[in-house]
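Trainee: Okay, here's the structure, questions in a sec.
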Amino acid sequence: MIASLPVILQVGGGQGGNTMVALLPFILIFVIIYFLMIRPQSKKQKETQKMISSLQKGDKVITIGGLYGTIVGIRENDGVLIIKIADNTKVEISKTAVAKKL
């Protein structure tokens, strides 16, 4: 039994390099997910935030609900836009409800 002890220690000592090789696929998968999913999403979010912060009176917008309208007022402290969707019809919406600026 004592004769087999050094063999067990040698096998255990050689596995240090194998753990790095075993972790390599997980690291590669994370890098691929970052470049295909996380990075484009954060870029799109920054563009949307820039568009929302640049809204001003007279801009034509589409809301996430599909309403087309023109901004006639802005309440900055509340983050509310007042949009005109028809003659004598004004609606208050959140700035974050704007999907696109036309």
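Trainee: Hey, among LYS57, LYS50, LYS84, which residue is exposed (fewer than 10 other Cβ atoms within 10 Å of the Cβ), within 30 Å of LEU102 (Cβ to Cβ) and modelled with pLDDT of 90 or more? Write out each step before concluding.
Mentor: Values: LYS57 fails: exposed (fewer than 10 other Cβ atoms within 10 Å of the Cβ); LYS84 fails: exposed (fewer than 10 other Cβ atoms within 10 Å of the Cβ).
None of the others qualify; the one that does is LYS50.
Trainee: Kindly establish whether THR63 is surrounded by 12 or more Cβ atoms within 10 Å (Cβ to Cβ), in contact with a helix residue (DSSP H, G or I) (Cβ under 6 Å, 6 or more places away or on another chain) and among the β-branched types (Val, Ile, Thr). Write out each step before concluding.
Mentor: Values: surrounded by 12 or more Cβ atoms within 10 Å (Cβ to Cβ): yes; in contact with a helix residue (DSSP H, G or I) (Cβ under 6 Å, 6 or more places away or on another chain): yes; among the β-branched types (Val, Ile, Thr): yes.
So THR63 passes the test.
Trainee: Does any residue of the range 12-23 turn out to be surrounded by 10 or more Cβ atoms within 10 Å (Cβ to Cβ), in a helix (DSSP H, G or I) and modelled with pLDDT under 90?
Mentor: Yes.
The values are calculated or read from the model by the stated rules, or taken from the named source; none is laboratory data. Every value quoted in this text rests on a predicted model; they were computed, and no experiment measured them. We place every Cβ from the backbone using ideal geometry, glycine too, and count neighbours over all the protein chains shown.
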